[in-house]
Amino acid sequence: MKKVLLILSLIISDFVYAQITGKFQLKISSQFYNGKVLFISAGANERYNKFEFNKNNVGEIRGNIMRIVLKEGTVCISGSLQYPHPLIFSAYGQTSNKGYSSFPYFIDPDDSLKISISDLSKNKKIQTKNNSNSEKEYKDLLKSLGNSIDTATGVVNNWQGKLEKMKQYIIQFPNSYVALWESVFDFSRVQGEDYEKLILENLNLFSKNIKATKTYMALEEDINKDFQLSIGRIFPDISLDSLMNLHAIVKENDLTLVEFWFSHCQPCIAQFPALKAIYDSYRGSKFEIVAISTDEEKDEANWKSTIKKYDLAWLQYLDKNGKQSEKLNINKFPSNFLVDKNGKIVKKDISPEELTLFLKGTLN
């Protein structure tokens, strides 16, 4: 009987632990962004998060993103979260026509913090006198990564080295939510299936409590989905409109670049000049580009104007609200797949420079 009661109490305590949610409050100050728009994104997306912004906040909320305007240089926001989550603050530079983002800033349940933000184009760090415990851990984690990452820019210099150091960190701290979120960031940035396999191996080192989180399960699922679109596999057919599907286009060409983007994606737009040069050189050589935009319905006009503004001559299709792309687990932009006439994936996330060299060696 005692054993039964003990097991029951453990089950109840685990259930209670899983339901605990803490509230947070943030006072955000910025003289630089006084009267301007800031975006706050929490975690990754709703599949990953156990986080909510309060509906009565001063900002406009869409999913895991809040849009705020600082009046008199200050705004207060609040919400709830079940375990530590990172926040990223972003702004759009009107003169530079670029978007700028902060480094992740971690908050914990029951935090009440005051933070300040300077010009994000010059300083990606969030300033505060009292960091959360998770933010303190995040700084320690970054130090442990050594020179595998540039702490001034966040750029990874050595993926193999970084993922090995992450492995050692997770072995030492298997209950680390911070390391879990850093693994999410790694997956969102890394290119190459070998590195994705290392991330998946690192995930297996986490504790049972971490593996039970929504964040862990979403990340594991997405990595495994990504392997379904690995090199050598057949790219799934997509209905691009009522009259055309992707495989019909692919069969007409020796090589087709399937490019996923959206009209507010600055890294996507930055590739246009190089892609235009490639298209002009090879469009008559059994090579085609199929661009699939994931723009939301409200941004359809902007999608059309962006195509016209940059004079994009290749095939353009709208996957309205990204519904088909989401099924394929396309969540990094730009993402692309170079496929042969049989629909087999030849290259994945190939850069314009790499694509130029490949086409020279294949089509010339």
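Values quoted throughout were computed directly from the atomic coordinates according to the rules given, and no laboratory measurement underlies them. This is a predicted model, so every value here is computed, not measured. A quick note on method: Cβ atoms are made from the backbone with ideal geometry, for glycine too, and the neighbour counts reach across all protein chains shown.
By the gyration tensor of its Cα atoms, with a ≥ b ≥ c the square roots of the eigenvalues, what is the shape of region 94-214: rounded for a/c under 1.5, prolate for a/b over b/c, or oblate? Spell out each step's value before the answer.
Working: a/c = 2.00, a/b = 1.28, b/c = 1.56.
It comes out oblate by the Cα gyration axes.
Can you tell me the alpha carbon radius of gyration of region 20-126 divided by the globular rule-of-thumb value 2.2 N^0.38 Å? The partial results should precede the final answer.
Values: Rg = 13.2 Å, N = 107, 2.2 N^0.38 = 13.0 Å.
Here the Cα radius of gyration is 1.01 times the empirical estimate.
Using a ≥ b ≥ c from the Cα gyration tensor of region 145-227 (square roots of the eigenvalues), is it rounded, prolate or oblate, where a/c under 1.5 gives rounded and otherwise the larger of a/b and b/c decides, a/b for prolate?
Numbers: a/c = 1.81, a/b = 1.27, b/c = 1.42.
Note, shape of region 145-227 comes out oblate.
Relative to the Cα centre, what is the charge dipole magnitude of region 246-363, using +1 at the beta carbon of each Lys and Arg, -1 at the beta carbon of each Asp and Glu, and rounding to the nearest 20 debye? The partial results should precede the final answer.
Working: 17 positive and 17 negative charges, 40 e Å.
Rounded to the nearest 20 debye, it is 200 debye.
Would you look at the GNM of the chain, springs on alpha carbons closer than 10 Å, and say which of PHE187, PHE227, PHE333 moves the most?
PHE227
Would you kindly compute the Cα radius of gyration of the chain and its largest Cα-Cα separation (Dmax), both in Å?
Answer for the chain, Rg first and Dmax second: 22.6, 79 Å.
Would you look at the GNM of the chain, springs on alpha carbons closer than 10 Å, and say which of VAL155, VAL290, VAL178 moves the most?
Top of the fluctuation ranking is VAL155.
Would you look at the GNM of the chain, springs on alpha carbons closer than 10 Å, and say which of LYS122, LYS276, LYS348 moves the most?
With Cα springs under 10 Å in the chain, the top fluctuation among LYS122, LYS276, LYS348 is at LYS122.
Distances longer than 19 Å among the Cα atoms of region 246-363: what percent of all pairs is that?
Working: 2963 of 6903 pairs.
The answer is 43 percent, as a whole percent.
Rounded to the nearest 5, what % of the DSSP beta bridges within the chain are antiparallel ones? Can you show the working numbers first?
Working: 44 of 61 bridges.
DSSP beta bridges in the chain are roughly 70 percent antiparallel.
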